[in-house]
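The values are calculated or read from the model by the stated rules, or taken from the named source; none is laboratory data. Computed from a predicted structure; not experimentally measured. Using ideal geometry, Cβ is built from the backbone for each residue, glycine included, and neighbour counts are taken over all protein chains shown. Surface accessibility is based on the protein's heavy atoms, side chains included, excluding ligands, DNA and RNA. Shrake-Rupley method; radii C 1.70, N 1.55, O 1.52, S 1.80 Å.
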Amino acid sequence: MITSFRRVLRSGFVGFWRSAYVSLASIFVITIALFVIGSTMMIDQLLVVSLQQLQAKVDINVYFVTTAGQDDIDALKTSLEALPDVAQVTYTSREQALAEYRAKYQSDTVAMQALDELEENPLGATIAIQAKAVSQYENIASFLDEQKAQEEPQNPIISRINYADKRDSISKLQAIIDAVERASFITQIVLIIAAILITFNTIRLAIYTAREEISIMRLVGASNMFIRGPFMLQGVMYGVIAGVLALLILYPILVWMGPKTEIFFGLNIFDYFVSDFSNIFITLVGIGVALGLVSSVLAVARYLRV
Amino acid sequence: MIYFDNVSKLYNGGRSAAIEEITFQIEPKEFVSIVGHSGAGKSTILKMIIAEDKPTSGQIFFESLDVNRIPRSRLPQYRRKIGTVFQDFKLLPHKTAYENIAFAMEANGRSDEEIAENVPQVLALVDLTDKAWNFPEELSGGEKQRVAIARAIVNQPDIIIADEPTGNLDPIATYEVVQILRKINELGTTVVMTTHNKGVIDELGRRVITMDEGRIIKDDSSGKYVL
């Protein structure tokens, strides 16, 4: 058992070197397939990050009346934070709102003079709410509408909710995000299927050139596993080498792309590649090994029948 | 040791036959030549002995074993009892002469010590000790066939099946190959050979089965080539 395992290993390695052209051609093609999968992973990451950033720019604001009590505001804030759809609630007090206003319009003398004329701070407190997903703003908005409806008329708290103004742009954003995610999903599936088919075909051709050998091995009484073993090992070797090569090709491209993606998407793709390297390595080499192994088993099976 | 009982192989739904109603037996230590024109059914008989081809009807026995009832998983073990030699040599192109012979032993599960001992012995028997590390493409036709014979005998099979072993060889190589087969037979191994080389048959002076259009037309214990 151990002896035949050792023989299968040796035979696999020797076969790999002696049919170097076939091995090289197979590795080359599988490398390209894995490179495509790796690039897809990187592009997908950029999409995820830029969609997240886009989502972070959307929020609903609740403007309180200037006379709203601090207790009421705090109560609303707490109940908002308890909602499962809500990612973040940011409270801006009246004083902060005024300071921000002054900072923003400090060069506008007319506005500053107008503000100085007033004895009291004209700005109310605000709460900015970010949902976990763009589709959840509708729920949050209807919750806020309910809150406003329940207020006692003589003691109003909420002055305005700006969801209605933003509804169109939010739903447009939602449509864009959905479309981008669907397109990238379909693209990935197509590319991965193409990679699988290319790898399978390449290994099938490599083993086709060995069909005569397989029939000879059967004639001298070699068992199926003894024949299959070296080809399986070669498939695994193709996968490992192709996976490493694909990463080596990806590396300089990502070094070059890194700063550009940082400007455009806000994510340095090279930093992501480095920080998530072990995952990317395992994924690419793992796909390579699995493809190589399964393709070899299937391809040899054809010539083991009779 | 080999028995063919009323064996037929039909093609095209029974309209044409490779062999028809073949019955004969081969005794241990015989040297049997099967002769006939191309398409007479010689190779079909050999393929059936190694279970590469199945008959449409009739039975084939190897000793007490019904060859067509061997499950596929047991075929490798069965084939190890039989040494095979072919017209086109069927050597593994990416293995040296030594490795080709060693492969047959490895497939048989022999130990490294046995391989290291027996491979040089059979290489010496076929007079190829100095070509042990050459690849098949570096060998002449006669040398390739001698490697193939060495591979066939290295596991000490009960029987050697040789399908046109001299078909691709020049007269001198033919003579050498036949001498080796004869030597193997004298050492106690049954040999079954197909050929259409008249000189080989006449010189051997052993049993000859003559076939024509799928039937045995003559079976002589010390035959000549008559067609």
> Where the only charges are on Cβ atoms (+1 Lys, Arg; -1 Asp, Glu), what is the dipole of the protein assembly as shown about its Cα centre, to the nearest 20 debye?
Replying inline: 2840 debye
> Total accessible area buried between chains A and B, 1.4 Å probe, in Å² to the nearest 100?
Replying inline: 2200 Å²
>> Please list, short to long, the whole-number percent of alpha-carbon pairs of chain A in consecutive 10 angstrom bins beginning at zero.
In response: 5, 19, 18, 15, 12, 11, 9, 7, 4, 1, 0
> Under a 5 Å amide H to amide H cut-off, with H placed in plane at 1.01 Å, what residues pair with B:Lys218 once short-range neighbours are removed?
Replying inline: B:Thr210
> Considering only protein heavy atoms, what is the solvent-accessible area of A:Asp74 at a probe of 1.4 Å, reported in Å² to the nearest 10?
Replying inline: 60 Å²
> For A:Arg302 and A:Leu54, FRET efficiency with R0 = 51 Å and r from the beta-carbon atoms, rounded to 0.05?
Replying inline: 0.50
> Taking each full run of DSSP H in chain A as one helix, which ones are at least 18 Å long along their axis (Cα atoms) and have mean Kyte-Doolittle hydropathy of at least 1.0?
Replying inline: A:20-56, A:224-265, A:277-304
> Per-residue accessible area for A:Glu146 at 1.4 Å probe radius, Å² rounded to 10?
Replying inline: 110 Å²
> What number, rounded to the nearest 500 deg cm²/dmol, is the helix-based mean residue ellipticity at 222 nm of the protein assembly as shown, given -39500 (n - 2.57) per DSSP H run of at least four residues and division by all its residues?
Replying inline: -19000 deg cm²/dmol
> Which net charge results when you count Lys and Arg as +1 and Asp and Glu as -1 among the other residues whose beta-carbon is under 11 Å from that of A:Thr66?
Replying inline: 0
>> Let me check against my output: what whole-number percent is the relative contact order of region B:88-143, with C-alpha pairs under 8 Å and at least 6 apart?
In response: 50 percent
>> Given R₀ = 60 Å, what would the calculated FRET efficiency be for A:Ser278 paired with A:Ser142, taking r from the Cβ atoms and rounding to 0.05?
In response: 0.85
>> Not counting ligands, DNA or RNA, and with a 1.4 Å probe, what is B:Thr96's accessible surface area in Å² rounded to the nearest 10?
In response: 10 Å²
>> Through the Karplus equation 6.51 cos²θ - 1.76 cosθ + 1.60, θ set to phi - 60°, convert the phi angles of region B:186-196 into ³J(HN,Hα) values in whole Hz; use x for Gly and Pro.
In response: 5, 6, x, 9, 5, 10, 10, 10, 9, 6, 10
>> Over chain A, what is the relative contact order in percent, taking alpha-carbon pairs closer than 8 angstrom and at least six residues apart?
In response: 31 percent
> How much net charge surrounds B:Gly141 when only other residues with a Cβ under 14 Å from its Cβ are counted (Lys, Arg +1; Asp, Glu -1)?
Replying inline: -3
>> Just to confirm a number: summing +1 for Lys and Arg and -1 for Asp and Glu over residues other than A:Ile161 whose beta-carbon lies under 13 angstrom from that of A:Ile161, what do you get?
In response: -2
>> Run the simple label-point estimate for A:Leu47 and A:Arg211 please: 7 Å along Cα→C-beta, distance reported in nm.
In response: 4.0 nm
> If you average the sequence gap of Cα pairs under 8 Å that are 6 or more apart and divide by the length of region A:59-164, what percent do you get for the contact order?
Replying inline: 50 percent
>> So for the protein assembly as shown, considering every pair of alpha-carbon atoms, how many percent are separated by more than 43 Å?
In response: 49 percent
